[in-house]
Amino acid sequence: MDERIKAIYRTIYEGEAKAALRLKLFAKQADKEELPQIAKLFRVSSFSEEIHGERALRMLREIKDTETNLKESFDSETTVAEVAYDQFLKAAAEVGDDIAAKIFAHSRDAEDIHAQLYKKAMNHLMEEKDTTYYVCQVCGYVSDGNLPEACPVCS
């Protein structure tokens with residue numbers, strides 16, 4: 001694939017992924033404001049943006065077999081948790097932004113748990129275990145099978 005086209009697909013994927021998330025959050029806000037038709041519009045638009053992003057990602061051939069997807073997800077989460085968020089925490093400390101530091105620490109810790117879950121899945125790829133996952137709506141922590149009374153990351 002031509003490198004310019006590849007770069008365009010990457011830009012499309014990144015932009016559409018951001019738009020899909022933003023529109024989902026706009027839909028939640030419209031729900032809070034009791035505007036169900038606008039919320040519906042935001043949700044359907046978000047779904048449409050996901051389709052655009054998926055098409056670009058498929059053209060980039062970034063969706064592979066599950067074992068490879070797990071390994072790449074593990075590597076990505078590990079890098080984000082160990083490198084990116086540590087840099088974000090350092091920046092927050094340098095400017096004295098305690099709120100940002102708390103948010104970054106929560107996200108880093110949740111990303112580390114994601115990596116652990118991917119690693120566990122890689123080690124038991126063929127296991128037929130039915131697991132219920134619980135996601136903290138504040139920090140994104142994922143619990144594997146047990147609903148904690150309080151989130152171990154953000155309380």
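Read the figures in this text as sums done on the coordinates, not as results from a lab. The structure displayed is predicted, hence computed values, not measured ones. FYI the Cβ positions are ideal-geometry reconstructions off the backbone, even for glycines, and counts take in every protein chain you see.
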Query raised in the report: Which Rg and Dmax, in Å, describe the Cα atoms of segment 1-45?
Result: 14.7, 47
Report summary line: Checking segment 1-81 for trypsin sites (Lys or Arg not before Pro) in a loop per DSSP with at most 15 other beta-carbon atoms within 10 Å yields Arg61, Lys64
Query raised in the report: Which value, in Å to one decimal place, does the Kirkwood hydrodynamic radius take for segment 65-150 when every pair of different Cα atoms is included?
Result: 14.1 Å
Query raised in the report: Hey, what's the Kirkwood Rh for segment 53-98 if you take every pair of different alpha carbons, in angstrom?
Result: 12.8 Å
Query raised in the report: Of all the stretches in the chain, which is the longest one without any exposed loop site, taking GluC sites (Glu not before Pro) in a DSSP loop (any state but H, G, I, E, B) with at most 16 other Cβ atoms within 10 Å?
Result: 63-126
Query - Unpartnered cysteines - no second Cys beta carbon under 4.7 Å - across the chain - result: none
Report task. Go through segment 15-26 residue by residue and turn each phi into a ³J(HN,Hα) via Karplus (6.51, -1.76, 1.60, θ = phi - 60°); whole Hz please, and just put x for glycine and proline. Result -> x, 5, 5, 5, 5, 4, 5, 4, 5, 4, 5, 4
Query - Most fluctuating residue given options Ile99, Ile63, Ile113, as computed from a GNM of the chain linking Cα atoms under 10 Å - result: Ile99
Query - Full-extension gain in nm, Thr68 to Leu41, via 0.36 nm per residue minus C-alpha separation - result: 6.2 nm
Requested in this report: Find, among the trypsin sites (Lys or Arg not before Pro) in segment 81-155, those assigned to loop by DSSP (not H, G, I, E, B) with at most 12 other beta-carbon atoms within 10 angstrom.
Outcome: Lys129
Requested in this report: Kindly flag which residue pairs out of Lys32/Lys102; Lys40/Lys90; Lys40/Lys119; Lys24/Lys64; Lys18/Lys40 have an alpha-carbon separation exceeding 28 Å in this structure.
Outcome: Lys40/Lys90; Lys40/Lys119
Report summary line: Hull volume per residue for the chain, using the convex hull of the C-alpha atoms, in Å³ is 166 Å³
Query raised in the report: Where does the chain land at 222 nm, in deg cm²/dmol rounded to the nearest 500, when only DSSP H runs of n ≥ 4 count, each adding -39500 (n - 2.57), divided by all residues?
Result: -23500 deg cm²/dmol
Requested in this report: Would you kindly derive the ³J(HN,Hα) couplings of segment 86-99 from the backbone phi angles with the Karplus curve 6.51 cos²θ - 1.76 cosθ + 1.60 (θ = phi - 60°), listing them in order in whole Hz, with x for Gly and Pro?
Outcome: 5, 5, 5, 4, 4, 4, 5, 5, 4, 9, x, 9, 5, 5
Report task. Please give the length that would be gained between Lys90 and Lys28 if that part of the chain were fully extended, namely 0.36 nm times their separation in residues minus their C-alpha to C-alpha distance (nm, one decimal). Result -> 19.1 nm
